[in-house]
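Presented below is the structure to which this report refers.
The values are calculated or read from the model by the stated rules, or taken from the named source; none is laboratory data. A quick note: this is a predicted structure, and the numbers were derived from the prediction, not measured. Positions of Cβ are generated from backbone atoms using ideal geometry, with glycine treated the same way; all protein chains shown enter the neighbour counts.
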Amino acid sequence: MKFLTHAITAALFRIVGALLLLGVTATAVSAQSAPLPRAKPGAGENAINPAQNLLDVLPQILGAPPAGSAQDLPPVDANAGPAKAVLVAKLIEDGEPIPFGVVWRIYDQVPEESGTYPLVASGRGGDWSQTLQPGNYLVHASYGKASSTAVLRMAGDPVTETIILGAGGLRLQAQLTGDVTIPADKVKFRVSESNSETTDETLIVDGARPGLILPLNAGTYRVESKYGNANATVSADITVEEGKLTDATLYHRAAEVTLKLVNEPGGEAIANTKWTLLYPNGEVIAETVGAFPEYVLEEGDYAVVATHEDTPYNRNFSVEAGRNRDVEVLLQGQ
């Protein structure tokens, strides 16, 4: 017996190269492939939204209406007894079975009156078994963000079937130009997938931290790296290949800046100051109140207005990539 497998990417959810050079911010992406390590236990725990019936999108998953899929299978003897189905997941056809971290769900192929498909059983692990009554079922396997759905026929005899996820892994890092590693707690990644027929993007994961391995279906993803709390953002298109771990590094041209309103150069920062950070054209980047706010800014020119006791004080300044600095605004007239 054979599974009819089809990878699900944009219809489901989450988590994430190749080589890219970004011209706008002079940002490069480097990538290399290596054998894919196993996910940690529980890696697929949140891969599916329990509130969503996966088979509501069955035509997109199988490429045909569910009724047609069921009719194409040979009839099952109604007198056959229950039997065990052993399910195995692999990243690629000739790869090793995934030992843990797979989320399994089995659905009945006969829809309810509402049109949804009842969940028969679910479990987690690597290889997973379930005793089933005779009939045709839909099996969904998810490993991180990689997933696949197949048709299972139970005719009274034990069955062992393998689902091929057609997946790879993506591990992201961020550095400053010059190969200076950015602290992990100051960077987060957003991964999305483009629709080949439209300009729409489907969000896969938001807020991923550096160094995590994201199991993903093979394909090309848009990865955005945000460094800090302001405008230091770069992005790249990264390709994930089946059965391979892709290491990708996104490079920022940015620096950390601390703003201070002072009576004299090198003086103490004055509290209760309202700050407005702007581009030279007057577009506001950020606003805050405090003695010495900190921002991560892309390389370029900026203006800042410090308002204290209803009096504004301003200064223009520049940011050089990798050169963290204090920007002091003098309290004039003191």
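Quick notes
- Residue match in the stretch 291-301 (condition: part of a strand (DSSP E or B), acidic (D, E) and in contact with a Pro (Cβ under 8 Å, 6 or more places away or on another chain)): yes
- For the stretch 199-228, the candidate set comprises residues that are outside any strand (DSSP E or B) and of a type outside the set (S, T, N, Q); within that set, the residue that is farthest from Y295 (Cα to Cα) is A218.
- Within the stretch 127-177, being among the charged types (D, E, K, R) and under 17 Å from D77 (Cα atoms) holds for R153, D157.
- Residues in the stretch 123-161 that are within 22 Å of L212 (Cα to Cα) and among the hydrophobic types (A, V, I, L, M, F, W, C) were compared, and the one that is modelled with the highest pLDDT is A141.
- Yes/no for D247 being among the charged types (D, E, K, R) and not assigned by TED's automatic domain parsing to the domain that holds T181: no
- Whichever residue in the stretch 152-198 is of a type in the set (D, E) and not in a strand (DSSP E or B) and, among such residues, is surrounded by the most Cβ atoms within 10 Å (Cβ to Cβ): D157
- Total residues in the stretch 162-182 satisfying the condition of being modelled with pLDDT of 90 or more and in contact with a strand residue (DSSP E or B) (Cβ under 8 Å, 6 or more places away or on another chain): the figure is 11.
- Filtering P99, P74 for residues that are assigned to a loop (DSSP other than H, G, I, E, B), modelled with pLDDT under 80 and either in contact with a His (Cβ under 8 Å, 6 or more places away or on another chain) or under 20 Å from V159 (Cα atoms) (or both) leaves a single hit, P74.
- The listed residue being within 26 Å of P183 (Cα to Cα) and surrounded by fewer than 16 Cβ atoms within 10 Å (Cβ to Cβ), out of D326, D310: D326
- Per the listing G135, G144, the residue uniquely assigned by TED's automatic domain parsing to the domain that holds K84 and in contact with a Gly (Cβ under 8 Å, 6 or more places away or on another chain) is G144.
- Condition check for A271: in a loop (DSSP other than H, G, I, E, B), in contact with a strand residue (DSSP E or B) (Cβ under 7 Å, 6 or more places away or on another chain) and either at positive phi or not assigned by TED's automatic domain parsing to the domain that holds V223 (or both): no
- For the stretch 302-324, the count of residues that are farther than 22 Å from K226 by Cβ, of a type in the set (V, I, T) and out of contact with any strand residue (DSSP E or B) (no Cβ under 8 Å at 6 or more places or on another chain) is at least one.
- Residue under evaluation T258, criteria (1) touching a strand residue (DSSP E or B) at 6+ places or on another chain (Cβ under 6 Å); (2) in the same structural domain as Q175 (by TED's automatic domain parsing); (3) among the polar types (S, T, N, Q), criterion not met: (2)
- Filter result for the condition that a residue is basic (K, R) and crowded, with 19+ Cβ neighbours inside 10 Å, over R222, R253: R253
- Exactly one residue out of V257, V319 is in contact with a Gly (Cβ under 7 Å, 6 or more places away or on another chain) and closer than 30 Å to T181 by Cβ, and it is V319.
- Residue in the stretch 175-192 that is touching a Pro at 6+ places or on another chain (Cβ under 6 Å) and more than 30 Å from A306 (Cβ to Cβ) present: yes
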